[in-house]
Amino acid sequence: MPARTPEEIFAHHGQALGAEDLEDIVADYADDAILIVQKKVYRGKDGAREVFTQLLGDIPQAEWELQTAFADDVLYLEWKATGGGRKVEDGIDTFIFSDGMIRVQTVVYHVQDA
């Protein structure tokens, strides 16, 4: 079976995030993934789990607005989210995909009261 394309991986990632299914989110990350979030480095599936536990706590049951630009194995993502009485209006991520998994992700966002 061929590896999933970046678009397929991100489509699954978005569905898992919308469902707030932490283990399904983490499943998209390579074992040696690197996530740099708000200037802090997280590694592997445990790091991804920590990042998304925080994000889902920051904006629970969020409504997401995504703008994507794919180029080969890279995704640039601008996002907004509102949930739990809070909002993010300036989310910016970069993803690098490898072998059907998310290998690198950078994230910056600021939470405000909605």
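The values are calculated or read from the model by the stated rules, or taken from the named source; none is laboratory data. Just so you know, these numbers come straight off a predicted model, no measurement behind them. Neighbour counts run over all protein chains shown; Cβ positions are idealised from the backbone, glycine included.
For the range 26-51, enumerate the residues that are surrounded by fewer than 19 Cβ atoms within 10 Å (Cβ to Cβ), of a type outside the set (A, V, I, L, M, F, W, C) and modelled with pLDDT of 95 or more. Of everything in the range 26-51, those that are surrounded by fewer than 19 Cβ atoms within 10 Å (Cβ to Cβ), of a type outside the set (A, V, I, L, M, F, W, C) and modelled with pLDDT of 95 or more turn out to be Asp31, Asp32, Lys40, Arg43, Gly44, Lys45, Asp46, Arg49, Glu50. Residues in the range 1-13 that are among the charged types (D, E, K, R) and either in contact with a Lys or Arg (Cβ under 8 Å, 6 or more places away or on another chain) or part of a loop (DSSP other than H, G, I, E, B) (or both): Arg4 only. Cβ separations smaller than 9 Å between residues 6+ apart or across chains give the following pairs from the range 87-112 residues that are without any contact (Cβ under 8 Å) to a residue 24 or more places away in the chain to residues that are exposed (fewer than 15 other Cβ atoms within 10 Å of the Cβ) and aromatic (Phe, Trp, Tyr): Ile92/Tyr76; Asp93/Tyr76; Thr94/Tyr76. Among the residues making up the range 1-26, those that are without any contact (Cβ under 8 Å) to a residue 12 or more places away in the chain and aliphatic (A, V, I, L, M) are Met1, Ala11, Ala19. If you check Leu66, Leu75 for being closer than 21 Å to Val26 by Cβ, exposed (fewer than 15 other Cβ atoms within 10 Å of the Cβ) and in contact with a strand residue (DSSP E or B) (Cβ under 7 Å, 6 or more places away or on another chain), only one passes: Leu66.
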